[in-house]
Amino acid sequence: MDLLGDYRTEIDKIDKEMTKLLEKRMNISKSISKYKMEHDMQIFHPEREKIVIEKNKGYLENKEYGDLVESYYENLMYLSRLVQQKEIYSENNIYTKPYKNDRENLVVGYQGVPGSFGNEAMLKYFKNIKEAKSYEKFEDVFKAVEDGEIEYGILPVENSSTGGIGTVEDLLKEYNLYIVGEECIRISQNLVGIKGATVDDIKEVYSHPQGFEQSTKFFDKHKDYNLIPYSNTAISAKLVSDLKDKSKAAIASERAAKLYDLKIIKKDVNDLKNNYTRFIVIGRDLECDETCDKVSILFSIEDTSGGLYTVIRDIKEFGLNMSKIESRPNRNNPWNYIFFVDFDGNLFDVNIKKAINTIARSSKYFKLLGCYRDVKCK
């Protein structure tokens, strides 16, 4: 008796039925996408998805499979969103909400503490903030926007000397939020410590890893320093202030040093004097008006020869001025990459819509990240 063969035959039967049901579910997802377009609704509704997951976990007789059911439906609904996105783009419809010009009296979030570069970018971009909320991690900001705890979040996405902020780029893929604006600030990294401390006193330096990466030449001259990565440069400054130890220093801004009553031991330790960080503003809605002049997308391609060339060719044929292209490993698919592209344009432009639709259809995965006003770093 071939017991294993019997098991496999039974699984084949189940798989056949599951495939039929999957096809039926995706067909309904297409119909839902049309309804959402007609009624100006977002594709992603986290509360609805939570309800679906909990309801289906309740159908289990063996509760040990609860985590498996949760993962199964998370992936299933992710695939449904992809189908809906493809349907929307293939119909040449991109629905946007009016661009909110008057961004005042809002609840806004950033990563870090007062005195951080994120805090500085927030104060530069937003006027008359109703309430500013700080968060420990980048993902905490994404979650807060998604849950409606804050109206907008501001996060670093790219530095002129060290490149893209990978964690934030990954989160842009994972969360169904949009880029609605950007800000650019000059980054001056300083070695700061308690009053009376000198360069020779320092044994430990705390900083966000980017602070170390942007200041490699300085630290090459001080190889005896023990470099300790920390979640944020301003939090590093606060820690040094609290410790009150001459042997400990931080990499932080001049503003953070003043805020936490620290001395600037060595000013401008970053390698490049023209050191800028670009911050993005994220929101729940895709916003656009005629003044927006920059479009951001991300996509992945099939693992075949010429896949990337096809997309780049499309960009060229539509005459798009591409200002950035960057790749990130796809964490859900080893040796597959996600590409981030910025180009000049506006979603009200028919040529831009056609270009986006064409790129979306030739991509394995596609997401329109946003259309917003370009801010030059200078």
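The values are calculated or read from the model by the stated rules, or taken from the named source; none is laboratory data. Note that the structure is predicted; figures quoted are calculated from it, not measured. We place every Cβ from the backbone using ideal geometry, glycine too, and count neighbours over all the protein chains shown. Note: areas computed on protein heavy atoms with side chains; ligands, DNA, RNA excluded. Shrake-Rupley method; radii C 1.70, N 1.55, O 1.52, S 1.80 Å.
A few points about this structure:
- Residue that is farthest from residue 98 (Cα to Cα), among those in region 323-351 that are of a type in the set (A, V, I, L, M) and surrounded by 13 or more Cβ atoms within 10 Å (Cβ to Cβ): 338
- Those residues of region 236-252 which are open to solvent by 10 Å² or more (accessible area, probe 1.4 Å) and within 21 Å of residue 121 (Cα to Cα), in sequence order: 238
- Residue in region 99-139 that is most open to solvent (accessible area, probe 1.4 Å), counting only those that are under 12 Å from residue 181 (Cβ atoms) and not in a loop (DSSP other than H, G, I, E, B): 124
- In region 352-378, residue surrounded by the most Cβ atoms within 10 Å (Cβ to Cβ) [restricted to those that are farther than 17 Å from residue 298 by Cβ and among the charged types (D, E, K, R)]: 353
- Pairs linking a residue in region 217-232 that is more than 24 Å from residue 255 (Cα to Cα) to a residue that is in a loop (DSSP other than H, G, I, E, B) and open to solvent by less than 50 Å² (accessible area, probe 1.4 Å), with Cβ atoms under 8 Å and 6 or more positions apart or on different chains, are 222/202.
- If the condition is being surrounded by 10 or more Cβ atoms within 10 Å (Cβ to Cβ), at pLDDT 90 or above and not in a helix (DSSP H, G or I), then region 43-70 contributes 58, 60.
- Residues that are in a strand (DSSP E or B) and touching a Phe, Trp or Tyr at 6+ places or on another chain (Cβ under 8 Å) were ranked within region 212-235; the one that is most open to solvent (accessible area, probe 1.4 Å) is 229.
- Qualifying residue in region 279-298 (condition: open to solvent by 20 Å² or more (accessible area, probe 1.4 Å), of a type in the set (Ser, Thr, Tyr) and under 15 Å from residue 157 (Cβ atoms)): no
- Yes/no for residue 171 being of a type in the set (A, V, I, L, M), under 28 Å from residue 373 (Cα atoms) and in a helix (DSSP H, G or I): yes
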